[in-house]
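The values are calculated or read from the model by the stated rules, or taken from the named source; none is laboratory data. Keep in mind it's a predicted model, so treat the numbers as computed, not measured. FYI the Cβ positions are ideal-geometry reconstructions off the backbone, even for glycines, and counts take in every protein chain you see. Heads up: the accessible areas ignore ligands, DNA and RNA and are worked out on the full protein's heavy atoms, side chains in. Shrake-Rupley method; radii C 1.70, N 1.55, O 1.52, S 1.80 Å.
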Amino acid sequence: MSATLFRTSTAARSALRAGASSRAAAIASTSFVRGKATLPDLPYDYGALEPSISGKIMELHHKNHHQTYVNGFNAATEQNQAAEAKQDIAAQVALQPLINFHGGGHINHTLFWENLAPSKNGGGGEPTGQLKNVIESSYGDFSSFKTKFNGALAGIQGSGWAWLVKDNETGQVQIRTYANQDPVVGKYTPLLGVDAWEHAYYLQYQNRKAEYFSAIWDVINWKAVEGRLK
Amino acid sequence: MAAQAKYTLPDLPYKHDALEPHISAQIMTLHHTKHHQTYINNLNAALTSLTTAVSKNDIVSQLHLQEAIKFNAGGHVNHSIFWENLIPFSSPNAQPSAAPKLCVALIARFGSVEKFQEKFNAVLLGLKGSGWGWLVQDIESGNLEITTSKDQDIVPVGKKPLLGIDMWEHAYYLQYLNDKGSYAKGIWKVVNWKKVEERFESTLEGVFGTLAGLRNNL
Ligand SMILES: [Fe+2]
Ligand SMILES: [Fe+2]
Ligand SMILES: [Fe+2]
C-alpha cells in the first residue's frame, strides 16, 4: 500500500489540507465541487493496527464504508450542480442533508485514517510539545484527558464521533461529540477523531465498545494530531 | 415516585436461532441479551437517580436525566416491539396472507404489498446513522404511513406503531456487514404479519401492552 495518505488529485490534496485548518476546509469544499472526491489510500496496511483494530474491520471500513461516502458525496454534488444550473434553490436546499452526511463521512474518515498509526510506527504513547501543553491546560493531565474522551465516546447515543477540537477563537482545545457524520467545521478545527459508529468495532468487539475505546489509544498518531494544531 | 418499578428483559417468543438464516443466532443472542439488556439496565439506573433527585427537589438533576431516560426507555420500548413483530420463516404467520385486513389497506395506500415493501426499504436505506423504520397508523385519520425515528426515539405521539425494523448496525453487521440492503430484504422473510395485523386492529394501549405505562412517562 502507498506510503502517502492521498492520491495526487486536486480533490484529494484539498482533503488533506482540510485537516490543517478550517480555512483550508472551506477551500477544500469548493474544490470538491469542481473535481470528484476520491478514496484516499491508507498510509499503512489493513492489518497494521492489530490488535487494536482488526484487518477485516479496516478493510471493510476503508474499501466499503468510506467509499460509499465518497460515492454519495459525488452523486449529491452532481445533483446540486444540476440544480444550480437550473437555479432551483429548493432542490439545492433539499440536497444539503445528503451533502452534509456524505461529505462529512468523507472528511471524517480521511482525518481518522490519518490520526491513526501502527504501534511499531509511532502509534500510541502520549502527546508531546505544544499539543501536550494545550491538553494539560484544558484537562490537567493526559490520563484525565483520556478518561474524559472515553466518557464522551461512551455517551454517544447512536452513531457518531468524538473529537478533540481547537476553538478557533480562544485557541483552547476541548472534547466534543458529533452525531452521525456531522463534520467538525466552523468555530472549531478538528485535531483527533475517533469513529464511534458500530461498524468501526463491531466485528471485533461486538457490544463491548468500551474495550475498543480503550484499545484505540495504542494506535493514535500524536504527530499527526499535533500537526493539525498549527 | 417512591418504589420505582424495575424493568426486566422480556423473553423472546422464539429461540435465538429461530430466525436463521435471515438473522443469525449470534446476532439475536447479542442483540437480545446484551444490547436490549443494556438499555434496561441504564433505564433502571436513570430512574433510580431520578427518584433520588425528586426526593431532594433537585430539579436540575431531574432535567439532566431526561436524555438518558428517553434514550434507554426508547431502546427498551423499540426492541420489545421489534421482537414481537418477528417470527420464524416456517410459520404461516410469516406470510402477508396472515394479515388480510392490513393487506387491503396497504394495497389501497401503496398500490400493492410489494410496492409498500420497496418503499419501506428505500426509507430504511435512507437513514443517516442509527435509527428505526416504522409502518405506523395515524390515530386521527387511520392512514398508514412509513416513517423513521433516529437513535432510540419511539414513534411520535398520534401515531400507532404496526411494524418496527431496527436499522442500527448491531442489528445486522455480524451477518450482512455493510450490505444493509440485503438485511432490509432478508428481514421481510421473518416478519410476523399476524402480529402486525393485530396491532392494526388494536388500540394504542393494546400495541404497547405492559409498555404503555412506561411510554406515558416519557
Ligand atoms: Fe466509520
Ligand atoms: Fe439498538
Ligand atoms: Fe437494536
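Would you mind stating whether B:V104 is surrounded by fewer than 18 Cβ atoms within 10 Å (Cβ to Cβ) and without any contact (Cβ under 8 Å) to a residue 12 or more places away in the chain? So B:V104 passes the test. Candidates B:A171, B:A184: the one that is among the small types (G, A, S), within 14 Å of another protein chain (Cβ to nearest Cβ), in contact (Cβ under 8 Å) with a residue 12 or more places away in the chain and within 17 Å of A:E198 (Cβ to Cβ) is B:A171.
Look at (1) among the β-branched types (V, I, T); (2) open to solvent by less than 20 Å² (accessible area, probe 1.4 Å); (3) in contact (Cβ under 8 Å) with a residue 40 or more places away in the chain and you find that B:I40 fails only one, number (3).
Residues in region B:40-51: is at least one at pLDDT 95 or above, within 17 Å of the chain's Cα centre (by Cα) and away from ligand 1 (no atom under 16 Å from the Cβ)? The answer is yes; a qualifying residue exists.
Looking only at residues in region A:58-96 that are free of Cβ contacts under 8 Å to residues at least 12 places away in the same chain and either surrounded by 18 or more Cβ atoms within 10 Å (Cβ to Cβ) or not in a helix (DSSP H, G or I) (or both), the one that is farthest from the other protein chains (Cβ to nearest Cβ) is A:Q87. Considering region B:154-168, and only residues there that are in contact with a Gly (Cβ under 6 Å, 6 or more places away or on another chain) and in contact (Cβ under 8 Å) with a residue 60 or more places away in the chain, the residue that is nearest to ligand 1 (Cβ to nearest atom) turns out to be B:I165. Could you tell me whether B:S130 is within 16 Å of ligand 1 (Cβ to nearest atom) and either of a type in the set (S, T, N, Q) or surrounded by fewer than 17 Cβ atoms within 10 Å (Cβ to Cβ) (or both)? Answer is yes for this residue. Please return the ranges of strands (runs of 3 or more DSSP E) entirely within region A:97-215 where 3 or more residues are within 14 Å of chain B (Cβ to nearest Cβ) and open to solvent by 10 Å² or more (accessible area, probe 1.4 Å). Counting at least 3 such residues, we get A:173-179. Against the test of being away from every other protein chain (no Cβ under 14 Å), over 25 Å from B:L174 (Cα atoms) and buried (at least 16 other Cβ atoms within 10 Å of the Cβ), the options B:L12, B:L50 yield a single qualifying residue, B:L50. Got at least one residue in region B:152-165 being surrounded by fewer than 21 Cβ atoms within 10 Å (Cβ to Cβ) and within 11 Å of chain A (Cβ to nearest Cβ)? Yes, region B:152-165 contains a residue that is surrounded by fewer than 21 Cβ atoms within 10 Å (Cβ to Cβ) and within 11 Å of chain A (Cβ to nearest Cβ).
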